Structures are given as structure tokens and as C-alpha cells.
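Q: Right, I'll just put the structure down here and ask away after.
Rule-based calculations on the coordinates, nothing more; no lab input. What you see is a predicted model, and the numbers here were worked out from it, not measured in a lab. Methodologically, a virtual Cβ is constructed for each residue, glycine included, from the backbone with ideal geometry; neighbour enumeration extends over all protein chains shown.
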Amino acid sequence: MKHYLVKMLTLAVLSAGIVTPVFADAIDDTIKARQSYYQLIKFNFGQLVAIVKGEVEYNAEAAQNAADNLKAISTLHIGPLYPKGSDNVAKKGKTRAQPNIWSDFAGVSEIGGKWRTAIGDLQTVASNGKDALAPAVGALGAQCKACHEKYRAKDF
């Protein structure tokens, strides 16, 4: 049931990015949908980071659920969340997405592929104990960091 709810919520968020072009603030609405997508990632990844840091006691079911959610989220097609003109220059103060995302699609795709692979690896070991979880969380975090350093501004 939890996985179904996450998928439905994610689809609702992404649907906003598809239907909003008919409205006057389509880019702003799409930026909000994109940010919501990443909040879902942050929420689930944050649970795993808290376990690894020892802030939350390891629980195999909770760790697996978070990893499964990340996997489900990672399979969504997010292209519609990145229309041209939704960068931090065109929409100053609304997003940290840098314009180089649109000029370096190959680089974004490469990091995205590695990010999805890291999620698959994480999903495989999430319920195998904290010692198995920690390196997989680190590997996924490294892919998040690689993208943020290259394509995400520090400030709005």
C-alpha cells in the first residue's frame, strides 16, 4: 500500500508538469513540480542517511521501504519537469537549476545513469544490515553531490 501511495503521489506531482503549460504560470508551476519530485527523493534518502549516521536505529523494513521508494521514483520520466526557461537565470529566485543543464544534456544523463545504478545497488542491500547499507548510501550520495556541484546553484 505504501508503494502504491508513493507512486500515486509522484504521478500526481509529475502530472502537474504535463498539464500546466496551458496556464499562464506554466514554468513556475513546473518548477514547483520538479522541486516536489526532489523533495520525495530527499525525504526517502534522508531516512537512510539518518540510519547510517546513527540518528535512527536501523530497521530492515524501513530501510527497504525507503530504498524501494527511491527506486520507484527513479523510474519516472522527468523530462517534462525541465522545460527550457526553468533555470535560475530565467527564473531568478525560484530555482537553483543552472542553465548548463540544458547545454550539457550528455553530462546530466551520465550522472543520472550512475545515480539510478546507485539506487539499484542500494535497493539490493537495504535490508541486509547497517554495515551493508552504509557504503550504498555513500555511493548514492556521491552521485547526488556530483550533480549538485555541476548543475545546481548554491543559492536561489
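Residue-wise test of (1) of a type in the set (Phe, Trp, Tyr); (2) on the phi < 0 side of the Ramachandran plot.
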residue: Gln47; (1), (2): no, yes
residue: Ala60; (1), (2): no, yes
residue: Lys71; (1), (2): no, yes
residue: Lys84; (1), (2): no, yes
residue: Gly93; (1), (2): no, no
residue: Trp115; (1), (2): yes, yes
residue: Asp121; (1), (2): no, yes
residue: Thr124; (1), (2): no, yes
residue: Asn128; (1), (2): no, yes
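Q: In segment 28-46, how many are free of Cβ contacts under 8 Å to residues at least 24 places away in the same chain and either surrounded by fewer than 16 Cβ atoms within 10 Å (Cβ to Cβ) or within 14 Å of the chain's Cα centre (by Cα) (or both)?
A: Residues that pass the stated criteria total 7.
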